[in-house]
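No value in this document is a laboratory result; all are computed from the given coordinates. Bear in mind that the values here come from a model prediction, so they are computed numbers and not experimental data. So basically every Cβ, Gly included, is an ideal-geometry build from the backbone, and we count neighbours across all protein chains shown.
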Amino acid sequence: MTRKQLLARLDAAWVAFQNVHAGLSDEELLESGVVDDWSVKDLVAHVTWWEEEALKHLPLILAGERPPRYSVTYGGIDAFNTLMAVQTRDLSLDDVRRQANVTHRRLVDYIRGVPEELFARETRFRRRLRLDTYSHYPIHTTAIREWREQRFT
């Protein structure tokens, strides 16, 4: 895979995620129950904090270091997600949208600036990037699509 191919894959998954909630009213974006008690707003915040995690940990991986384990630091990924959900729950919809767009642009800019050889094969760097981004977005794209189908049919 080249950087160009990876960016195309990332963009396609990002656009699909954005499109699945396009056209919903602010009230609908705030409605809980999309995934458990999470709203679309909560899912957008969730995707954003995982992009932020990528931006925090990819440089460590690039430097040959290992990021801290979520099981040690937080008691697991579920505990981390719960903590972050509590921290972002009171953000306004506008703030969540703004953070999502800014963080995504930062991530794409970061990817454009790292060495091309990181994309040629499955490296720790590329694996972390995949897990936090273009293989993560579709999970929530599907959840929102299914919620919309149930809610609006």
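Miscellaneous remarks
- Here the 3J(HN,Hα) profile of region 116-126, calculated from phi with Karplus coefficients 6.51, -1.76 and 1.60 at θ = phi - 60°, is 4, 5, 5, 9, 5, 8, 6, 9, 4, 4, 5 Hz, Gly and Pro shown as x.
- Ranking 82, 102, 68 by how far each Cα lies toward the positive end of the dipole of the chain (charges on Cβ) leaves 68 at the top.
- Taking the square roots of 5 times each eigenvalue of the Cα gyration tensor of the chain, largest first, gives ellipsoid semi-axes of 27, 18, 13 Å.
- Top of 36, 109, 132 by mean-square fluctuation, Gaussian network on the chain, Cα under 10 Å: 36
- Spin-label pair residue 69/residue 11, simplified geometry with 7 Å Cα→Cβ offset, distance in nm: 3.9
- Highest-fluctuation residue, 17, 125, 80 considered, GNM on the chain with Cα pairs under 10 Å: 80
- Test item: Cα-centred dipole of region 18-65, Lys/Arg +1 and Asp/Glu -1 on Cβ, debye: 260
- By average C-beta atoms within 10 angstrom, highest first, the peptides 97-107, 63-73: 97-107, 63-73
- Spatially, region 2-18 and region 82-153 are offset by 11 Å when compared through their Cα centroids.
- In this rough spin-label picture, where each label sits 7 Å from Cα along the Cβ direction, the residue 109-residue 25 distance is 3.6 nm.
- Applied to region 86-94, the Karplus parametrisation 6.51 cos²θ - 1.76 cosθ + 1.60 on θ = phi - 60° returns per-residue 3J(HN,Hα) values of 5, 5, 9, 4, 8, 5, 6, 4, 4 Hz, with x for Gly and Pro.
- Evaluated with a Cβ-only charge set (Lys, Arg +1; Asp, Glu -1), the chain carries a dipole of roughly 880 debye about its Cα centre, given to the nearest 20.
- Degrees separating the helix 3-21 axis from the principal Cα axis of the chain, which is the longest one: 10
- Overall form of region 104-153 per C-alpha gyration tensor (a/c, 1.5; a/b vs b/c): prolate
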